[in-house]
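The values are calculated or read from the model by the stated rules, or taken from the named source; none is laboratory data. No experiment lies behind these values; they were computed from the predicted model shown. Cβ atoms come from the backbone with ideal geometry, glycine included; neighbour counts cover every protein chain shown. For the accessible areas, the whole protein counts, side chains as well, though only heavy atoms, and no ligand, DNA or RNA atoms are used. Shrake-Rupley method; radii C 1.70, N 1.55, O 1.52, S 1.80 Å.
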Amino acid sequence: MTDRTQTVDRRGTVDDASLSRLARGIIGSEVLRIAAEIRSLIAAGQPVCNLTVGDFDPREFPLPDSLLEGVHRALRAGHTNYPPSNGVLELRQAAARFTERELGLAVPVESVLVAGGARPLIYATYRTLVDPGDTVAFPVPSWNNNHYAYLTGAVPLPLPVTREHDFHPVPEQVEAILPRVRLLALCTPLNPTGTRMSPAALEQICRAVVAENRRREERGERPVFLLFDQVYWSLDFDTPRPPTPAGLVPEVAPYTVALDAISKSLAATGLRVGWSIAAPAVTARMSDLLGHVGAWAPKAEQIATAEFLDDPTAFAAFRRTMHQRLHERLDLLHQGLERLRSQGHPVEAVKPEGTLYLSARFDLFGRRLGGRELRTNEDIRRLLLEQAGIGVVPFQAFGLSREDGWVRLSVGGVAVVAIEAGLERLAAALRRLE
Ligand SMILES: Cc1ncc(COP(=O)(O)O)c(C=O)c1O
């Protein structure tokens, strides 16, 4: 035995080629790469209005006091061991009561599965419902479906969407591809666009899923499922009780996996608590799968979340505060960009409808700065960062291949004064463009 620390070279001849095909093909998060670049600019003392990450800065968006106190209390009470792998019963029951109270849907507790945020539940949904070679359809842009499809060996079927239809697929588009699809992934309000899907469109899509599954049942084929990601539902600014697939079309309930989480709704991205609602048979297998991954939410957080979800007054008050803080920032950005547009600059922004995101378009293709021509979204992103100190994420990071100048602006990490300063720098940078 020696008490000296040994330094071991772990590189050897191990490189990417030593890894599995799956690992070699994984594309890391584009948003995190851009965010790291911005951190180094900030460290170098440059003023940056960082509109990149889909996270909340706790100084700008603190989580509810009572939730935080609940976590402390649960830890002190000794809830430091493993929770049941499908979630503590109190939270599964509380999530069912919450869904009934807030969204008007009665849910049996066997349908509720708790995990460490929405991500593991999305992964489990894909792995539970999709075989390699099955087709998964999702709008582009949308958050991470391309990556989950890759991890499952699924054939991705990106559905191009347009501003005209609020960046959501239209029913006819879905109906045309549904016979080939195993999983349809929808999210409203949508990350990255901050726009909501019309209830009429959602209803028509749900009816199409039911009709398709009637046909498949007759032929003895496996059904198509709907992954309905509603982690932003409480951040929909104008709809107190947003519609859900099962609320609109009860027959679609068995084929729907609905996702909810406290990450965005309670500005609690670091606490890691989410839950899914699905047919008991689906839930049971998702639970088995996640049990092996160990992706459960920490027990103290689960207990505190259960208490918070059961407090309608605290939830409603916090929701109002979130709306006010998000509106303040998103409206400032939206109005600032529209003002630049009215001054003749080729920028536009979509009126925010929910989430922490704003869609904006910088149609700067062909413009020049210092002799350099802007040709791609990446050129535009760099220009905004280097010349205006504004960090944005192009829609390419959300699976879009079209180069059309659309980007996501996220306000969860910025103070109002930082947005004001960023808009001034932007106006000056646009004036410098040739
Ligand atoms: C649409 C959507 N679903 C799920 C998630 C992941 O949520 P969680 O932090 O609970 O894993 C995100 C995170 O940005 C998201 O935008």
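Loop-located trypsin sites (Lys or Arg not before Pro) across segment 1-73 with a Cβ neighbour count of 12 or fewer within 10 Å are 4, 10, 11, 59, with loop assigned by DSSP. In this structure the chain gives 45 Å² per residue of accessible area when probed at 1.4 Å with all protein chains present.
Report the relative contact order of segment 328-434, percent, no decimals, based on alpha-carbon pairs under 8 angstrom and at least 6 residues apart. Before the final figure, lay out each step's value.
Working: 155 pairs, mean separation 31.3, N = 107.
Reported as a whole number, the value is 29 percent.
With a Förster radius of 41 Å, plug the Cβ-Cβ distance of residue 238 and residue 131 into 1/(1 + (r/R0)^6) and report the FRET value to the nearest 0.05. Calculated transfer efficiency: 0.55. Seen from residue 80, the other residues with C-beta closer than 12 Å to its C-beta sum to a net charge of +1, counting Lys and Arg as +1 and Asp and Glu as -1. Averaging over all projection directions, the Cα-based convex hull of segment 65-310 occupies 12.4 nm² in the image plane. Here r is the Cβ-Cβ distance between residue 431 and residue 72 and R0 is 45 Å; the resulting FRET efficiency, rounded to 0.05, is 0.30.
Full extension from residue 27 to residue 10: what is 0.36 nm times the residue separation minus their Cα-Cα distance, to one decimal in nm?
Details: separation 17, 0.36 × 17 = 6.12 nm, distance 2.33 nm.
Length gained, residue 27 through residue 10: 3.8 nm.
Site pair residue 42 and residue 214 shows an inter-label distance of 5.4 nm when each label is modelled 7 Å from Cα along Cα→Cβ. Each label point was placed 7 Å from the Cα along the Cα-to-Cβ direction; for residue 281 and residue 375 their separation is 5.4 nm. Surface composition of segment 65-310: carbon and sulfur make up 54 percent of the accessible area, probe 1.4 Å. Over the chain, dividing the summed -39,500 (n - 2.57) contributions of all DSSP H runs of at least 4 residues by the number of residues returns a 222 nm mean residue ellipticity of -13500 deg cm²/dmol. Which one of 321, 195, 313 has the biggest mean-square fluctuation once the chain is modelled by GNM with Cα springs under 10 Å? In this elastic network of the chain, the residue with the biggest mean-square fluctuation among 321, 195, 313 is 313.
Work out how much length residue 177 to residue 363 would gain on full extension: take 0.36 nm times their residue separation and subtract the Cα-Cα distance, in nm to one decimal.
63.8 nm
Beta bridges assigned by DSSP with both partners in segment 65-310 are antiparallel in approximately 30 percent of cases. DSSP beta bridges fully contained in the chain are about 50 percent antiparallel.
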